[in-house]
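To keep things clear, I will list the structure first and then write my remarks on it.
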Amino acid sequence: MGSIMEVLDTIEAARSALRTARAAGQRIGFVPTMGALHAGHASLIARARFETDLVMVSIFVNPLQFSPGEDLARYPRPFERDTSSAEKAGADLIFAPSVEEMYPHGALDTKVSVPALSEMMEGASRPGHFDGVATVVAKLFNVVGPSKAYFGEKDWQQLAVVRRMVADLSFPVEIIGCPTIREPDGLAMSSRNAYLDAEHRAAAVVLQRALGGGRMLVADGERSAAKVASTMWEIMASEPLADPLYASVVDAELRGVREVGAGCRLLVAAQVGPARLIDNEATFP
């Protein structure tokens, strides 16, 4: 890693820096983010630092993945803090393009869509969200080129969408899923946790309690996915400040299952005050 981290704001500057690195035989690690970095992001950067020679972190709040009425305008953008955090975690380059740099002609005529993995759970109530994710990630991968790209497992559906897109479109990118980083009380770290006041922050732990209840049922021998999902929903509903959005048991392809088996995943979501929160865990350790 170089002694001074560079901040680049154009696609050509990013490509030029990466061409120079590859010419020197360096392996590229890439961590795409929307900023508001926390310890979960730092863990992705640190993993990339360990496994590759040059680490690029993108910071771009992508308007394509926000539906009308969502929190695009108030999404946190602490840029100076983010660049400092990224550098401490091991980043060599920050790619921080403007919206005009990424979308110079305004709305894109070209979209990337993975409908089979996008239309349930998060996609059911956020139309177009995963099209926006897939489109911007595809664009970023075309800027970065051959690399290892690091994503957190907290956004499990997003990770599945990106993996399928990479496989289907033959991007020269290896996708690395990294474990969710949690607060001491179990709450999954998320940029949207910053929206929570003390009362809602305490209530948000109900998502982790719901997953724990689901896993406990499975550990005790319950194999009915409907029973496990119902229990997780009931636990979330027991918290007055939480409005459950979904509780699901899915297989590796995000399909709903009748019976819980190896490779299944528990996923939950709830609106807690101003924040839409999601979490997930494997059914078996």
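The values are calculated or read from the model by the stated rules, or taken from the named source; none is laboratory data. Keep in mind the model is a prediction, meaning the values are calculated, not measured. Reconstructed Cβ throughout: ideal geometry from the backbone, glycine too, with neighbour counts over all protein chains shown.
How about the range 234-267: which of its residues are touching a Gly at 6+ places or on another chain (Cβ under 8 Å) and either within 27 Å of residue 164 (Cβ to Cβ) or not assigned by TED's automatic domain parsing to the domain that holds residue 211 (or both)?
Those that are touching a Gly at 6+ places or on another chain (Cβ under 8 Å) and either within 27 Å of residue 164 (Cβ to Cβ) or not assigned by TED's automatic domain parsing to the domain that holds residue 211 (or both): 247, 248, 249, 250, 251, 252, 266.
Which one of these does residue 7 not meet: (1) more than 14 Å from residue 90 (Cα to Cα); (2) touching a helix residue (DSSP H, G or I) at 6+ places or on another chain (Cβ under 7 Å); (3) surrounded by fewer than 18 Cβ atoms within 10 Å (Cβ to Cβ)?
(1)
Of these, 152, 186, 221, 212, which one is small (Gly, Ala, Ser) and in the same structural domain as residue 60 (by TED's automatic domain parsing)?
Details: 186 fails: in the same structural domain as residue 60 (by TED's automatic domain parsing); 221 fails: in the same structural domain as residue 60 (by TED's automatic domain parsing); 212 fails: in the same structural domain as residue 60 (by TED's automatic domain parsing).
After ruling out the rest, the residue left standing is 152.
Name the single residue, out of those in the range 52-62 being within 19 Å of the chain's Cα centre (by Cα) and without any contact (Cβ under 8 Å) to a residue 60 or more places away in the chain, that is nearest to residue 151 (Cα to Cα).
So, considering only residues that are within 19 Å of the chain's Cα centre (by Cα) and without any contact (Cβ under 8 Å) to a residue 60 or more places away in the chain, the one nearest to residue 151 (Cα to Cα) is 57.
Going through the range 144-158 one residue at a time, which ones are buried (at least 18 other Cβ atoms within 10 Å of the Cβ) and over 18 Å from residue 49 (Cβ atoms)? Full working, then the answer.
First, the residues of the range 144-158 that are buried (at least 18 other Cβ atoms within 10 Å of the Cβ): 144, 147-158.
153, 154, 155, 156, 157, 158 - these are the residues of the range 144-158 that are buried (at least 18 other Cβ atoms within 10 Å of the Cβ) and over 18 Å from residue 49 (Cβ atoms).
What are the pairs, 6+ residues apart or on separate chains, where a residue within the range 33-51 that is in the same structural domain as residue 90 (by TED's automatic domain parsing) has its Cβ under 6 Å from a residue that is polar (S, T, N, Q) and modelled with pLDDT under 95?
Short answer, once both residue conditions are applied: 36/191.
Can you confirm whether residue 174 is exposed (fewer than 15 other Cβ atoms within 10 Å of the Cβ), in contact with a Lys or Arg (Cβ under 8 Å, 6 or more places away or on another chain) and assigned by TED's automatic domain parsing to the domain that holds residue 125?
yes
Of the residues 215, 265, 192, which is closer than 24 Å to residue 35 by Cβ and in contact with a strand residue (DSSP E or B) (Cβ under 7 Å, 6 or more places away or on another chain)?
192 is the lone residue from the list that is closer than 24 Å to residue 35 by Cβ and in contact with a strand residue (DSSP E or B) (Cβ under 7 Å, 6 or more places away or on another chain).
Which condition number in (1) at pLDDT below 95; (2) crowded, with 21+ Cβ neighbours inside 10 Å is the one that residue 127 fails?
Status for residue 127: all satisfied but (2).
Please work out if residue 73 is in a helix (DSSP H, G or I), without any contact (Cβ under 8 Å) to a residue 24 or more places away in the chain, of a type outside the set (D, E, K, R) and surrounded by fewer than 18 Cβ atoms within 10 Å (Cβ to Cβ).
No: the conditions fail for residue 73.
Can you work out which of the residues in the range 243-253 that are touching a Leu at 6+ places or on another chain (Cβ under 8 Å) and at pLDDT 95 or above is surrounded by the fewest Cβ atoms within 10 Å (Cβ to Cβ)?
Among those that are touching a Leu at 6+ places or on another chain (Cβ under 8 Å) and at pLDDT 95 or above, it is 246.
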